[in-house]
Amino acid sequence: MRKVHIAYAALALLLVATVGVLGTAFVRKSARPLWVGGTPTAPVSTPSALPGATASAAPAQTITLGAVGDIIMGNAPNAMPANDGRGFFDKVKSLFAVDLMMGNMEEPITEDTGFTKCSPEQTSCHQFRVPPSYAAHLRDAGFHLLNQANNHGYDYGPAGYTNTQKSLTNAGLKYTGPRNYVSVVEVKGVKVAVVGFSSYDRDNSLINFTQAKSVVAKASGMADLVVIQVHWGAEGSAMTHVKPGTEYFLGENRGDPIAFSHTMIDAGADLIIGHGPHTLRGFEVYKERLIAYSLGNFAGGKGLKGDGNLGWGAVLHASVKPDGAFVSGKFHSTYFVTNPGVPNPDGQNRGLGLVRELTKADFPNTGPVISSDGVITLH
């Protein structure tokens, strides 16, 4: 029995070091789903222009979409950023000057709902949140839309999940992620649908291709182009490569990124933005559509470790035609350190170097050309 306890302790230490979530790592005693919760749904959003946008007489020839990976701003009540979050994104917000700026919100924006997140057999787990007022910090930085389809979106249960939507809406922001929900934004006369996917029942499913294709088809009928935000893949600093086949993490099916991306593009998607592994991954082009397999961690907020490549992220700019075809892009490297977990521009371009290397290794024939200064073009 002592050997079993030692083995679990060793696994916990390994996960903290490689996965990069602060605190005690998850220790699973069965293959049951880790997350407890139902399957909330939401209606399709009504197309709307972004705050401050002016009506376009005719669609633009190209629009530029921006995206970052995982965002944790803090963890209420005891691990909060300085100045109550004001200025959290100041060092990077100049990179958000695009037509539609998106991010993966890796925690609920809610008061404490009293929800117990983990199933009884779990010895510990990570439960994140920031208060509703933090939605304004995201808006003030320049974000327009946040994804909540991820493994922490339900940390405070169904009330926390819907409270996040209310917090974002009250701040003038859009959200995506709930099952069968399509968020539609009009950008320079171009209607953009954004759909969030994860491996959890509450969100659109990256596992069930039938459901996924159905919601993408619906989104395609509502907009000129479709963007997918998807939380997938095994986690950890070593999980940088993309390979064919299904990925698992702690016994959970975390999807088949290549098969999902290609299938969704065949179904009508135009841009795939991946996150979840807590590290950057390579890029691919499929049928003139860009796939970013992971944008890594963007902001740790004292909840994510910033050691090595776990602290390397990016602000991705992708310029596309109104029909969704990729034109060009730009990769802006960022980084954070564990404490305070605030994102910074990375003058060393460490993330860019890693993504260039991974793209060449994993997609030698289908990857885009990424220059040493971060410009992304088709082969």
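The values are calculated or read from the model by the stated rules, or taken from the named source; none is laboratory data. These figures come from a predicted structure and were not determined experimentally. Here the Cβ is made from the backbone with ideal geometry for all residues, glycine too, and neighbour counts use every protein chain on show.
Rundown of residues vs (1) touching a strand residue (DSSP E or B) at 6+ places or on another chain (Cβ under 9 Å); (2) in contact (Cβ under 8 Å) with a residue 24 or more places away in the chain, yes/no style:
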residue: Phe96; (1), (2): yes, yes
residue: Ser119; (1), (2): yes, yes
residue: Thr169; (1), (2): yes, no
residue: Gly172; (1), (2): no, yes
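Conditions tested, residue by residue: (1) under 14 Å from Tyr175 (Cα atoms); (2) among the small types (Gly, Ala, Ser); (3) touching a Cys at 6+ places or on another chain (Cβ under 7 Å).
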position: Ala97; (1), (2), (3): no, yes, no
position: Leu100; (1), (2), (3): yes, no, no
position: Gly103; (1), (2), (3): yes, yes, no
position: Pro108; (1), (2), (3): yes, no, no
position: Asp112; (1), (2), (3): no, no, no
position: Ser119; (1), (2), (3): no, yes, no
position: Thr123; (1), (2), (3): no, no, no
position: His126; (1), (2), (3): no, no, no
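Only a single criterion out of (1) charged (D, E, K, R); (2) under 28 Å from Leu354 (Cα atoms); (3) assigned to a helix (DSSP H, G or I) is not satisfied by Asp266, namely (2).
Okay, residues lined up against (1) surrounded by fewer than 24 Cβ atoms within 10 Å (Cβ to Cβ); (2) in a helix (DSSP H, G or I); (3) of a type outside the set (Phe, Trp, Tyr):
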position	(1), (2), (3)
Val230	no, no, yes
Gly233	no, no, yes
Gly236	yes, no, yes
Met239	yes, no, yes
Ile258	yes, yes, yes
His262	yes, yes, yes
Ile272	no, no, yes
Glu284	yes, no, yes
Pro322	yes, no, yes
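Only residues that are part of a helix (DSSP H, G or I) and β-branched (Val, Ile, Thr) were counted in the range 187-228, giving 3. Just checking, does the range 208-227 include any residue being crowded, with 21+ Cβ neighbours inside 10 Å, touching a His at 6+ places or on another chain (Cβ under 6 Å), over 22 Å from Ser48 (Cβ atoms) and modelled with pLDDT of 95 or more? No, the range 208-227 contains no residue that is crowded, with 21+ Cβ neighbours inside 10 Å, touching a His at 6+ places or on another chain (Cβ under 6 Å), over 22 Å from Ser48 (Cβ atoms) and modelled with pLDDT of 95 or more.
The single residue among Leu146, Leu173 that is of a type in the set (A, V, I, L, M), crowded, with 24+ Cβ neighbours inside 10 Å and farther than 14 Å from Ile228 by Cβ turns out to be Leu146. Please verify whether Ser372 is among the small types (Gly, Ala, Ser) and within 20 Å of the chain's Cα centre (by Cα), treating the condition exactly as stated. No, not satisfied. Please state which of the following conditions Ile63 fails to meet, knowing it meets all the rest: (1) free of Cβ contacts under 8 Å to residues at least 24 places away in the same chain; (2) farther than 28 Å from Ala159 by Cα. The failed condition is (1).
Of all residues in the range 352-370, which are free of Cβ contacts under 8 Å to residues at least 40 places away in the same chain, touching a strand residue (DSSP E or B) at 6+ places or on another chain (Cβ under 6 Å) and within 21 Å of Asn297 (Cα to Cα)? If the condition is that a residue be free of Cβ contacts under 8 Å to residues at least 40 places away in the same chain, touching a strand residue (DSSP E or B) at 6+ places or on another chain (Cβ under 6 Å) and within 21 Å of Asn297 (Cα to Cα), then Leu352, Arg356 are the ones that fit.
Total residues in the range 241-251 satisfying the condition of being crowded, with 18+ Cβ neighbours inside 10 Å and more than 25 Å from Val327 (Cα to Cα): the figure is 2. Quick check: is even one residue across the range 90-99 of a type outside the set (A, V, I, L, M), under 13 Å from Gly301 (Cα atoms) and surrounded by fewer than 20 Cβ atoms within 10 Å (Cβ to Cβ)? Among the residues of the range 90-99, not one is of a type outside the set (A, V, I, L, M), under 13 Å from Gly301 (Cα atoms) and surrounded by fewer than 20 Cβ atoms within 10 Å (Cβ to Cβ), which makes the answer no. In this structure, Arg179 does not satisfy being of a type in the set (Lys, Arg), surrounded by 24 or more Cβ atoms within 10 Å (Cβ to Cβ) and either under 23 Å from Val227 (Cβ atoms) or within 20 Å of the chain's Cα centre (by Cα) (or both). Residues in the range 339-361 that are part of a loop (DSSP other than H, G, I, E, B) and surrounded by 17 or more Cβ atoms within 10 Å (Cβ to Cβ): Pro340, Gly341, Val342, Pro343, Asp346, Asn349. Beta carbons closer than 7 Å, at least 6 apart along the sequence or on distinct chains, pair a first residue in the range 245-272 that is in contact (Cβ under 8 Å) with a residue 60 or more places away in the chain and at negative phi with a second that is in a loop (DSSP other than H, G, I, E, B) and among the hydroxyl-bearing types (Ser, Thr, Tyr) for Glu252/Ser199.
Within the range 362-379, the residues that satisfy the criterion of being within 17 Å of Thr240 (Cβ to Cβ) and outside any loop (DSSP other than H, G, I, E, B) are Asp362, Ile370.
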